[in-house]
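**Student:** I have a structure I would like to understand better, so I am pasting it below and will then ask my questions one at a time.
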Amino acid sequence: MDMERTWKYLLYAFVGLLPLQTVYLLREVFVGGEKWQYGTIAIYGTDILLLLSAIIFLVTPDLIRGPGLLSRFRVKPGMTEKMLMVFVLWAGLSILWAPDQMLAGYFVVKLVLAVGVFLMVKSLDEKESKVVVLLLVLGAALESALGAWQFLAQSTFASTLLGMSAHEAGQAGTSVLKLGDGRWLRAYGTLPHPNILGGFLAAALMLGIGYLARFGKDSMRTVLMSRAELRESDTSLRDRFMDTVWMSGVTLAGAMILLGLLLTFSRSAWLGAIIGIILILFLQKSNIEYRISNIKYKIAGILAVTLIVFSFVLHDQVFPRFDTAVIAAEGSVSERVQSLWDAERVVGEGNMLLGTGAGNFTAEMMRLQPDRPVWSIQPAHNAFVLIFAELGLVGFVLFLLCIVSLLKRVISSAVERSLCEDLDSSTRRLTRNDTKMVYVMVLATLLPSLFLDHWLWTSHFGLFFLFVLLGLTARK
């Protein structure tokens, strides 16, 4: 096996196994008998795959563009790549003034690896990026199946191999629905919290639907083949059978992900899915590449009926999630408000410009309020506010410049397509840019999680998942 394919296969393995939380703990801190969750330092099993992939990626010369590190970018580093490097450099400098320098260093290493994921995914071609999408959707379907079992059993099992902790509905600290008839365990999958699973499932569902709307009636071979190869392939009975099997599998996976998404009972994830569906409908109406064929109508109808059936069966659990009395009793809103007050205090304690240090929000709060129970200290439930608190105004502006430069790249590609006068060239750009819009739509699905939670910045899975999606969006 050549080195070029080796790093790609390792990257595929990393993406496919990313939801697993197999971990080796390097540091575990207890304060007043309570574990300081956000002070833990650990090596995840997937980190090894990623590190090996990154090393091979960097040392293997690009056969088309020649040897050297810069050839690994596939093109000359653009503004997005440059801003990411400056952002990581600033995060590294924040180690110098962080209260817990070891924790800051650990977070910076994760951030460097996340940027590595971005660069590797960005360098994949169209055929290879489809494999990444397939792995994400397949992983979401498997996570949903596990989550459905957990809800039915009202418990989870502990597994060192999968990195799962045991959760019981009656156990303190477990994420549950608190209703009049008792406590209902929310689906975790293999992830640390139901909100993380919900955000992942919502994004994966929109990714699958977006690709379906984008590519139409695709069989397994179309996911793994380029359009040129498809035109040369035959339409034999075997291929038509594979088409049927594939579309049936897509429908079943979509129904399973829908069920898992409901069973997380994550309002932010539900809101994200609604945003994604609205964007899909808008793109379908405005773009010829998204015109719905009969097969898409059938699958959309099946998923809609599935959602109605699941919502009817689970109406006693689903609809109370929007009851103001239930929301007030569970304390999710008050916890978010408290975390934002904590962020205001952190920023106000001389951390406006430089921040308190990468990954050090809770460490700073423990320093400011040493008598406060550690379990009540959480990162700000807004990723942008959290980045501001940890990396200061400088880091926050750098982060925004990274996002703006990426969006500018997408928008400029769309404008370039619209100004193209050559029909064949326009068609080719339409193919690439509309695929890019699918990824933008999926990122929009994560907006509620970015504004109402912190897991896309603080959790191992969330950080790398976000950078995988950013890498897909940045692909040329």
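**Student:** So if each residue of separation counts as 0.36 nm, and I subtract the Cα-Cα distance between I48 and D125, what length gain in nm does that give? All intermediate terms of the calculation are to be shown ahead of the outcome.
**Tutor:** Working: separation 77, 0.36 × 77 = 27.72 nm, distance 2.39 nm.
Gain on stretching I48 to D125: 25.3 nm.
**Student:** Is the C-alpha gyration tensor of region 89-201 telling us rounded, prolate or oblate? Criteria: a/c under 1.5 is rounded; beyond that, a/b larger than b/c is prolate, otherwise oblate. Before the final figure, lay out the partial values.
**Tutor:** Working: a/c = 2.96, a/b = 1.38, b/c = 2.15.
Note, shape of region 89-201 comes out oblate.
**Student:** Can you give the extra length, in nm with one decimal, that the chain gains between L138 and D316 once fully stretched, where that is 0.36 nm per residue apart less the Cα-Cα distance?
**Tutor:** On the way: separation 178, 0.36 × 178 = 64.08 nm, distance 2.93 nm.
Length gained, L138 through D316: 61.1 nm.
**Student:** While we're looking at this one, here's another question. Listed here are the pairs K130/K408; K82/K127; K122/K436; K127/K408; which of them are more than 21 Å apart at the Cα? Intermediate results must be reported in sequence, preceding the final value.
**Tutor:** On the way: K130/K408 24 Å; K82/K127 26 Å; K122/K436 12 Å; K127/K408 24 Å.
Table pairs above 21 Å Cα-Cα are K130/K408; K82/K127; K127/K408.
**Student:** Stretch E4-A444 to full length: gain in nm at 0.36 nm per residue minus the Cα-Cα span? Don't skip to the answer; put the middle values down first.
**Tutor:** On the way: separation 440, 0.36 × 440 = 158.40 nm, distance 3.23 nm.
Using 0.36 nm per residue and subtracting the Cα-Cα distance, I get 155.2 nm.
**Student:** Shape call for region 104-156 from the C-alpha gyration tensor, a ≥ b ≥ c root eigenvalues: rounded (a/c under 1.5), prolate (a/b greater than b/c) or oblate?
**Tutor:** Numbers: a/c = 8.00, a/b = 1.43, b/c = 5.59.
Here region 104-156 falls in the oblate category.
Values quoted throughout were computed directly from the atomic coordinates according to the rules given, and no laboratory measurement underlies them. The model shown is predicted, which means the values in this text are computed figures rather than measured ones.
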